[in-house]
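*Asks:* Quick one: this structure, given as structure tokens, is what I'll be asking you about.
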Amino acid sequence: MPERRRQKSSTGVYHVIVKGIARENNFGQTREKLYFKKVIKKYLKKYEVKIYSYCIMSNHAHLMIQADLEVLSLFMARILAEYAFYYNYKHNRNGHVFQNRFKSECIETEAYFWNCLRYIHMNPVKAGMAARVSGYRFSSMPEFFSDKETIIDPEIIISVREKFGDKTCFEKFHGDRKYEVFQDTYDEMEQQRLEIAEKIAKEMYETAGLDYQTQIFEEKAYREAYINQLQQMLNVSQRKSKILYSKIRNQVKNN
């Protein structure tokens with residue numbers, strides 16, 4: 001099957017995801033995460049690329065990058081090839097390290113930009129790798145209000161400091177989840193949809209002033225309105241919205 005043509009962002013900003021092949025922990029060790037940052041820094045000096053945020057997990061990494069589309073492809077090809085050589089040599093293995101090409105989604109609006117930045121930084125908290133969003137060492141989150149050297153672009157550091165003022169307000173911003181579903185692994189995207197479906201149910205329960213949250217699933221009018229909201233807000237089919245509905249219903253009933 002031919003690879004799908006990569007979409008071009010009108011803003012030049014992309015959310016990039018790279019994943020280890022067969023879910024292998026290709027960034028499983030501290031020195032591997034540090035080496036990946038080192039490779040990124042090396043090629044930042046050779047290509048016209050700006051990093052706006054990043055997070056390096058154990059088996060995948062997120063980057064928000066501003067670049068021309070062709071430059072982005074060259075940049076990613078170089079850093080992934082060099083890291084793959086390092087990883088294979090280090091572990092005495094051969095073959096692919098990353099799953100297919102990197103994935104990318106276009107960041108077209110300012111609102112989506114900030115929501116995506118928040119999503120990238122929240123990955124370690126959701127995975128149970130950090131108690132607080134600022135407590136994870138291998139993301140850009142702690143670097144916006146630090147004087148340490150970083151691979152993120154100075155312009156975005158200035159923007160964050162002007163927008164949020166201090167580290168406390170910036171961290172508080174990360175706790176406010178929106179309705180977008182961002183590119184990630186299949187399982188993670190499914191988890192995002194479930195979390196948003198749960199949030200929608202809770203908001204419907206509170207807004208309607210219901211006595212019990214189960215009323216959303218037991219009474220026809222609320223049930224139909226909830227499924228309709230799932231379909232519209234998550235941009236999914238009616239079939240998918242009903243699957244999500246069933247999972248949240250079972251979750252609420254079992255609590």
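The values are calculated or read from the model by the stated rules, or taken from the named source; none is laboratory data. The structure presented is a predicted model; accordingly, all values stated were derived computationally and were not measured. Backbone-built Cβ (ideal geometry, glycine too); neighbour counts: all protein chains shown.
*Asks:* Among E198, E143, E155, E190, which is the only one that is in the same structural domain as G20 (by TED's automatic domain parsing), without any contact (Cβ under 8 Å) to a residue 60 or more places away in the chain and under 29 Å from K103 (Cβ atoms)?
*Replies:* Checking each option against the conditions leaves just E143.
*Asks:* Then there's this: Quick one: F98 ticks every box in (1) surrounded by fewer than 15 Cβ atoms within 10 Å (Cβ to Cβ); (2) at pLDDT below 90 except a single one, so which number is it?
*Replies:* Looking at each condition in turn, F98 falls short on (1).
*Asks:* Is there any pair with a first residue in the stretch 232-255 that is assigned by TED's automatic domain parsing to the domain that holds I196 and a second that is modelled with pLDDT under 80 whose Cβ atoms are under 6 Å apart and which are 6 or more apart or on different chains, and what are they?
*Replies:* Here the result reads M233/Y179, each pair linking the stretch 232-255 to a residue that is modelled with pLDDT under 80.
*Asks:* In the stretch 115-171, which residues are closer than 18 Å to E195 by Cα and not in a helix (DSSP H, G or I)?
*Replies:* Listed by number, the residues that qualify are A127, G128.
*Asks:* Looking only at the stretch 1-19, how many residues end up being out of contact with any helix residue (DSSP H, G or I) (no Cβ under 9 Å at 6 or more places or on another chain) and not polar (S, T, N, Q)?
*Replies:* 7
*Asks:* Oh, and also: Among the residues of the stretch 172-220, write down those that are modelled with pLDDT under 80, charged (D, E, K, R), outside any helix (DSSP H, G or I) and surrounded by fewer than 17 Cβ atoms within 10 Å (Cβ to Cβ).
*Replies:* D176, R177, K178, E180
*Asks:* So which residues in the stretch 126-140 are touching a residue at least 40 places away in the same chain (Cβ under 8 Å) and within 20 Å of D166 (Cβ to Cβ)?
*Replies:* Those that are touching a residue at least 40 places away in the same chain (Cβ under 8 Å) and within 20 Å of D166 (Cβ to Cβ): V133, Y136, S139, S140.
*Asks:* Looking only at the stretch 83-108, filter to residues that are touching a Ser or Thr at 6+ places or on another chain (Cβ under 8 Å) and part of a loop (DSSP other than H, G, I, E, B); which one of those is nearest to Y52 (Cα to Cα)?
*Replies:* Among residues in the stretch 83-108 that are touching a Ser or Thr at 6+ places or on another chain (Cβ under 8 Å) and part of a loop (DSSP other than H, G, I, E, B), the one nearest to Y52 (Cα to Cα) is I107.
*Asks:* Count, please, the residues in the stretch 221-254 that happen to be over 21 Å from M189 (Cβ atoms), surrounded by 11 or more Cβ atoms within 10 Å (Cβ to Cβ) and aliphatic (A, V, I, L, M).
*Replies:* So the answer is 2.
*Asks:* Criterion first (assigned to a strand (DSSP E or B) and within 20 Å of S104 (Cβ to Cβ)) does L80 satisfy it?
*Replies:* no
*Asks:* Would it be correct to say that Y136 is hydroxyl-bearing (S, T, Y) and buried (at least 21 other Cβ atoms within 10 Å of the Cβ)?
*Replies:* When the stated conditions are applied, Y136 passes them.
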